[in-house]
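One structure is given here, and the rest of the page talks about it.
The values are calculated or read from the model by the stated rules, or taken from the named source; none is laboratory data. Worth saying up front: this structure is predicted, and the values here are computed from it rather than measured. Cβ placement follows ideal geometry from the backbone for every residue including glycine, while neighbour counts extend to all protein chains displayed. Calculation scope for accessible area: heavy atoms of the full protein, side chains included, ligands and nucleic acids excluded. Shrake-Rupley method; radii C 1.70, N 1.55, O 1.52, S 1.80 Å.
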Amino acid sequence: MNILVCIKQVPDINELKVDAATNTLPIDKAPNVVNTLDTYALETAVRLKDADPEVKIFALTMGPEQAKEALKSCLSVGADKAYRLGDVLLEDSDTLATSYALSGAAKVLEAREGLTFDLILCGKQTTDGDSAQVGVQLAEHLSYPQITSAVEISVDAGKVRARRETGDGYEVVETALPAVVTISKTEYEPRYASVKSKMAANRAEIPVLTVADLEIDTALIGLNGSPTKLKNTYVPQRKKGGIKLEEENGEIAADKLAALLSDAGIV
Ligand code: FAD
């Protein structure tokens, strides 16, 4: 079985500090890491490989030169090969253009490696863009079935079965392969790299795919190919004042809150 894991390099949110002078988050000052849920997606793939040594794992990212470090970190914890899709023509791509380019890269990798990706794993969402759109759009571009928000998966007889989070709890669903599955936080934690595997990954060459390598319509990538139009960015105003209810008893606090809302004519 061949698994493609799509990963995105993001700023480490634990290291992000608000710049008090400008009230903004200087993301360029934070170190970059593999998006958290992508590390769970990769761990999910590596566990399938632990159970079946025939499994091959490929990591793919679309991103700038520095994103190769994120791919090396994937190699150090179990990915067999890693590819970066990078090209100035891809700059300013929104999620739809990004997922379209990734679908083109997946097809090219299949042709180059002479295989089919049975399973494509993505994180459910990222910690920076946070849209949770790329995985589901990727499935649509490839015309593959998809399962979202999976916390546990198993593969058997050409099918993937997943326990997925829902608004009310969990449900178990299955679909035929090839399929795209987006991974949420699993019960198991991603493994750490050993010093030896880190050193080997550091020496690895990361092949780069460019737009010229893909069979995609260049009108559907970059700013012009992105239907999302960014109208404005702004720092939200901090609300001042307000009333804080500090009752220890929840019932009394609820009564006071109801009275306040009623007095204000809100309820
Ligand atoms: P989600 O949809 O939350 O991600 C879900 C999962 O999809 C991830 O967990 C991961 O598995 C996979 N995934 C997401 N992104 C990638 C990726 N790049 N490679 C591999 N797998 C991935 N961003 C830039 O970096 N540079 C730009 O110039 C840029 N210009 C933009 C212009 C516009 C108009 C807009 C709207 C957005 C732009 N962005 C740009 C943001 C960019 O579109 C998103 O970062 C990207 O599409 C991923 O979206 P997300 O972070 O919400 O991912």
Point to revise | Ranked by how many other beta carbons lie within 10 Å on average, peptides 118-125, 240-247, 180-187 from highest | key: 118-125, 180-187, 240-247
Review point. Just how far, in whole angstrom, is the stretch 156-226 from the stretch 1-79 if you go by their alpha carbon centroids?
Key: 10
Practice item. As a check on your grasp of the helix formula, calculate [θ] at 222 nm for the chain: sum -39500 (n - 2.57) over DSSP H runs of n ≥ 4, divide by the residue count, round to the nearest 500. Key: -9000 deg cm²/dmol
**Study point:** Proximal lysine pairs, the stretch 2-220, alpha carbons under 15 Å, eight or more residues apart or interchain
**Key:** 13
**Study point:** Residue-by-residue Karplus 3J(HN,Hα) for the stretch 244-255, coefficients 6.51, -1.76, 1.60, Hz, glycine and proline x
**Key:** 10, 8, 10, 4, 6, 8, x, 5, 5, 4, 5, 4
Review point. Could you sort 80, 38 by accessible area so the largest value comes first, with the probe set to 1.4 Å?
Key: 80, 38
Check your understanding: For the chain, what is the percent of antiparallel DSSP beta bridges, rounded to the nearest 5?
Key -> 40
Review point. From the backbone phi of the stretch 78-90, what are the Karplus-calculated ³J(HN,Hα) couplings (6.51 cos²θ - 1.76 cosθ + 1.60, θ = phi - 60°) in whole Hz, Gly and Pro given as x?
Key: x, 5, 7, 9, 9, 10, 10, 9, x, 6, 4, 5, 8
Review point. Just the accessible area for residue 161, please: 1.4 Å probe, Å², rounded to the nearest 10?
Key: 120
**Study point:** Reachable lysines, given that their alpha-carbon falls under 25 Å from the alpha-carbon of residue 256 and they are not under 8 places away in the same chain
**Key:** 239, 240, 244
**Study point:** Debye log10 I(q)/I(0) at q = 0.08, 0.13, 0.15 Å⁻¹ for the chain, Cα point scatterers
**Key:** -0.41, -0.88, -1.09
